[in-house]
Amino acid sequence: MAGFDGTELNKDLMFLIDTLKIGGIILFSRNLSDPEQIKSLCLSVQEYAESCGQPPLFIAIDQEGGEVARLKEPFTQFPGNPMMKGETDAVHFAGITAAELTGLGINMNMAPVMDVVPKVSETSEAFVMAGRVFGNDPAWVSRLGARVIEELQGNGIMAVAKHFPGIGRTILDSHHDMPILDADMADLESSDLLPFEAAVKCGVAGMMLSHILYNKVDPEWPASLSHRIAKTLLRDRMGFDGIVITDDLDMGAVRKHYDIKSGIRQILSADIDIALICHKGPDIENAFEEISESLKDSRETKVKGEKSVNRILKLKQRFLWEQV
């Protein structure tokens, strides 16, 4: 899944679709001007993918409400997760958001945030996610997050819960560098994992992995590149069979520590389905080449790749084929 520059179907975007065969795009403010332009962009992208013999594309956006909302006015503006008072607010947000996204041709929302921020009394330091979470009670986060997922998906928008297995405890912003979280499995199970378990139970379409190094779970790789977290914990232990997406591989947490090819090899080995690269540049083409070579060279990787393709196509069959 790739980001791109521009507000229309241009040569760069066509190259991503027809040559690199991306499975989806993600939209940012740089791609958006007004409702008609956005709708035209989404339609032209899907028509071009179809003309190339490709399945419909995931068209994703971060529309959490509050601090992170790519769609500005005239679209409905919400105060954000911390301001929600109950399930009615969650349903209201998700219902309106789903209707607005559907009207544009966007089919995936990189939301809700299912992270749990510790109570302020536990530390004087500011948690990086404090302005984006439902709260510090795992049961409350689970309840509201599940309602957002159910309402989005009940109205045709795929939801992606993030940032597995939880970044609420972190202070360093992974956009800049890699946070290290000194929490063991018991810590995660008592709080951070509970909302993601709720997301699995209510059938969330996707999970986004964090770029955090959980050094007592996997001391070598951050969650977004970790077999222990993506495969052993999320797939095997929690039973999640939807799509698993990395956070943006352009972020400093990964870019400063790993080259794209070693990152892609880790992704392929960990049963992760989608590598997310949000900015134009050589990493997108390099990732495609590494995927292609790995699938040729390793039967094990090919088998895992086929499983990923099946998960992706199953989701597209459910949400997209009737819409495009």
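No value in this document is a laboratory result; all are computed from the given coordinates. Please read these numbers as outputs of a predicted model, since none were measured by experiment. Backbone-built Cβ (ideal geometry, glycine too); neighbour counts: all protein chains shown.
Quick look at the numbers
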quantity	calculated
In sequence order, calculated HN-Hα J values of the stretch 138-151 (Karplus, 6.51, -1.76, 1.60; Hz; x Gly/Pro)	x, 5, 5, 4, 4, 5, 6, x, 4, 5, 4, 4, 4, 6
The chain - mean residue ellipticity at 222 nm from DSSP helices (-39,500 (n - 2.57) per run, n ≥ 4, rounded to 500)	-12000 deg cm²/dmol
Most mobile listed residue (293, 151, 47) in the chain, GNM with C-alpha springs under 10 Å	293
For residue 163, residues with placed amide H under 5 Å, excluding near neighbours	114, 115
Fewest-first ranking of 158, 129, 238, using other Cβ atoms within 10 Å as the exposure measure	238, 129, 158
In the stretch 27-131, trypsin sites (Lys or Arg not before Pro) in a DSSP loop with at most 11 other beta-carbon atoms within 10 Å	72, 85, 119
Amide H within-cut-off set for residue 3, under 5 Å, with H built and near neighbours excluded	26, 277, 278, 279
Largest-first principal axis extents of the Cα set of the stretch 146-212 (Å)	37, 28, 13
Where a label projected 7 Å from the Cα of residue 7 along Cα→Cβ would reach, residues of the stretch 21-42 with amide N under 12 Å	29-41
Among 29, 44, 190, residue whose mean-square fluctuation peaks in a GNM of the chain (springs only between Cα atoms under 10 Å)	190
Ranked list, fewest to most other Cβ atoms within 10 Å of each Cβ, for 291, 96	96, 291
Quotient of Cα Rg and 2.2 N^0.38 Å for the stretch 44-128, N being how many residues it contains	1.41
Normalised contact order of the chain, rounded percent, pairs of Cα under 8 Å and 6 or more residues apart	15 percent
Descending principal axes extents, the stretch 208-304, alpha-carbon based, whole Å	35, 31, 22
Check: the stretch 120-277 dipole with +1 on Lys, Arg Cβ and -1 on Asp, Glu Cβ, in debye	300 debye
Low-density loop positions, trypsin sites (Lys or Arg not before Pro), the stretch 242-317 - DSSP coil, at most 11 other Cβ in 10 Å	256
Binned Cα-Cα distances of the chain, short to long, each 20 Å bin given as a whole percent	34, 61, 5
